[in-house]
Amino acid sequence: MQLSARNLLRKLGVASAIAAFAACSGYAAAQSEMELPDIGNPAGAYLTRNDEYSVGLMIVRQLREQNQIIDDPEATEYIQSLGSRLAAQGPEVAHHFQYFVVDDAGINAFALPGGFIGCNYGTILTTENESELAGVLAHETAHVTQRHIARAIEAQSHQTLATAAAMIAAILIGAVGGGAPAIEGGIAAAQGLAAQQQINFTRGEENEADRVGMEYLSKAGFDPEGMPNFFETLSREYGYEEGLIPKILLDHPVTSDRIADARARAAHMERPRNLKDSDDYALIRERLRVLTAPEDFDILGYYRKRLETTTPSLADQYAEAVALMRHGRPNEAAEILEPLVAQHQGIILLRAALGQAQVAAGQIQDGLATFARAEKLFPRNVPLTVRYGESLIKAGRPGQAHELLLDLFNNVEPTPRQIELTAQAASAAGDPGDAYYYMGYYHIMNGNLPLASRQLELALAVPNLTTVQRLRFQAQLDEVRGYIQEQRRENHGRVSGGDGGGQLDFAGPSGDRLR
């Protein structure tokens with residue numbers, strides 16, 4: 001894994017660029033006929049890709065610490081898979097895209113610097129098909145591939161350092177507290193009166209993100225009509241709420257012209273024949289409905305009513321089983337899931353849910369056997385392996401869980417939840433050194449290097465380490481300490497800005513294999 005953090009506030013205009021970018025995210029601004037420069041314009045001279053990654057990681061860390069990200073393995077795997085399918089249609093870029101689900105019922109999605117793209121669960125619930133959801137992610141993906149942040153820096157480089165500092169604080173506070181509208185309000189308060197030129201620039205960015213995003217959508221095999229269809233949903237939802245959004249940064253919500261323009265583009269694009277939503281789309285949408293349902297909402301009654309039909313949908317049956325498990329009735333959930341697995345043997349979500357239900361119901365051997373069969377058929381599937389690891393720990397087999405999760409860690413880019421569970425398994429298996437080490441890696445992944453350093457120090461303090469462990473822990477700690485020192489030097493102005501150097505490769509899935 002690669003991390004790079006620069007002293008961004010020393011570069012005038014960085015935060016104002018992020019402000020302009022945040023303002024244009026989430027389908028907020030209207031289109032414009034303004035011509036934009038090509039990707040290869042000099043904007044990159046102001047903000048390197050490493051800088052963009054550092055800022056994005058900082059914001060994601062704040063979101064995670066405030067529990068604003070839904071850390072559900074199944075939902076995370078799905079949204080990442082869908083987003084990666086779209087990102088693969090764009091130009092090769094230096095950073096890796098990371099997609100995540102935000103714990104917000106509002107209809108919105110946003111792109112952060114460095115390829116971090118969040119999608120509110122409310123957006124997923126509102127979409128009527130997978131092409132609409134893909135259209136949302138395609139639009140945000142295009143914001144990143146077109147480097148709109150760097151362009152905004154070029155346009156807004158006259159901002160003062162004080163204004164930049166205030167704005168970046170407003171962005172973080174807004175991101176944690178209330179999503180894009182709050183971010184926009186915080187920026188407006190920090191920035192004061194904005195030039196009309198900036199507003200026009202964000203309109204142009206929206207227009208370009210629509211155009212490029214629809215190309216990604218079509219090339220990835222989705223219906224290009226998905227984007228204008230969802231535009232209409234946004235228009236119905238927010239068409240009369242213009243007064244609630246700071247006009248200082250936004251012109252107005254989605255317009256009829258923008259919808260018409262998107263439909264005109266879609267008409268000239270190839271539409272896939274016999275297009276069908278993936279099974280996972282409907283299952284994840286209903287799973288999120290269950291996971292985010294308020295405690296006072298009768299979610300079981302909701303699905304009982306929906307299932308009063310001769311042809312109940314697979315997604316509703318799955319969701320009822322998930323709801324039963326959340327209400328402490330795993331036996332009933334297993335009864336629903338067993339025939340579904342037999343009928344739909346290729347759907348991993350069903351197998352993982354059945355294994356969980358069986359273990360929760362006390363059917364330990366049956367549950368572990370369900371997971372073992374699924375793992376053999378679908379090796380190294382992240383949510384399946386995570387659920388299997390959780391069940392092994394519950395069954396008193398932490399050593400087996402540790403071995404299983406370590407294999408996943410070494411072969412598939414880990415998620416935060418996966419790393420935490422690996423640490424838990426190592427601890428339960430009586431290996432505190434590795435447990436501290438994994439938690440150190442968890443903090444590296446989230447950009448908190450001081451906490452990572454502390455965890456690695458604790459790992460080295462564990463008695464009776466093997467020689468391999470001690471060497472690995474010390475090497476990792478040396479890297480982290482060295483990078484912290486580099487950051488401090490930069491913060492004191494002793495290292496000048498440059499080409500985005502100082503990048504570190506931390507050991508893990510992209511480096512040395514762990515043992």
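The values are calculated or read from the model by the stated rules, or taken from the named source; none is laboratory data. All values reported here derive from a predicted model rather than from experimental measurement. Don't worry about glycine lacking a Cβ; one is built from the backbone with ideal geometry, like all the others, and counts go over all protein chains shown.
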Sole exception among (1) surrounded by 19 or more Cβ atoms within 10 Å (Cβ to Cβ); (2) touching a residue at least 60 places away in the same chain (Cβ under 8 Å); (3) under 21 Å from Leu288 (Cα atoms) for Arg417, by number: (1)
Condition check for Leu291: at pLDDT 95 or above and either buried (at least 19 other Cβ atoms within 10 Å of the Cβ) or closer than 14 Å to Ala323 by Cβ (or both): yes
Where His95 falls short, out of the listed (1) farther than 16 Å from Thr415 by Cβ; (2) modelled with pLDDT of 95 or more: (2)
When residues of the range 319-350 are limited to those that are out of contact with any Leu (no Cβ under 7 Å at 6 or more places or on another chain), free of Cβ contacts under 8 Å to residues at least 24 places away in the same chain and in a helix (DSSP H, G or I), the one nearest to Lys376 (Cα to Cα): Ala342
Among the candidates Asp434, Asp478, residue that is within 18 Å of Ile393 (Cβ to Cβ) and outside any loop (DSSP other than H, G, I, E, B): Asp434
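Restricting attention to the range 367-414, report how many residues are of a type in the set (D, E, K, R), assigned to a helix (DSSP H, G or I) and either under 20 Å from the mean Cα position of the chain (by Cα) or buried (at least 17 other Cβ atoms within 10 Å of the Cβ) (or both).
Total satisfying the criteria: 3.
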Residue within the range 297-318 that is within 21 Å of Ser391 (Cα to Cα) and assigned to a helix (DSSP H, G or I) present: yes
Tabulated pairs, the range 356-381, first β-branched (Val, Ile, Thr), second part of a helix (DSSP H, G or I), C-beta under 7 angstrom, 6+ apart or interchain: Val359/Gly367; Val359/Ser391; Val359/Lys394; Thr370/Arg351; Thr370/Leu354; Thr370/Gly355; Thr370/Gln358
Unmet requirement for Tyr442, which otherwise passes all of (1) surrounded by fewer than 21 Cβ atoms within 10 Å (Cβ to Cβ); (2) assigned to a helix (DSSP H, G or I): (1)
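Might you check whether a residue that is more than 12 Å from the chain's Cα centre (by Cα) and of a type outside the set (S, T, N, Q) occurs anywhere in the range 75-84?
Within the range 75-84, none of the residues are more than 12 Å from the chain's Cα centre (by Cα) and of a type outside the set (S, T, N, Q).
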Residue list for the range 117-136, restricted to those being under 18 Å from Ala220 (Cβ atoms), at pLDDT 95 or above and aliphatic (A, V, I, L, M): Ile124, Leu133, Ala134
The range 324-347, subset among the aliphatic types (A, V, I, L, M) and over 19 Å from Arg289 (Cβ atoms), residue surrounded by the fewest Cβ atoms within 10 Å (Cβ to Cβ): Ala342
Qualifying positions in the range 445-475 - within 32 Å of the chain's Cα centre (by Cα) and assigned to a loop (DSSP other than H, G, I, E, B): Asn446, Gly447, Asn448
Considering residues of the range 245-260 that are in contact with a helix residue (DSSP H, G or I) (Cβ under 7 Å, 6 or more places away or on another chain) and either at pLDDT 85 or above or assigned to a helix (DSSP H, G or I) (or both) only, the residue surrounded by the most Cβ atoms within 10 Å (Cβ to Cβ): Arg258
Filter result for the condition that a residue is modelled with pLDDT of 95 or more and not acidic (Asp, Glu), over Leu449, Leu471: Leu471
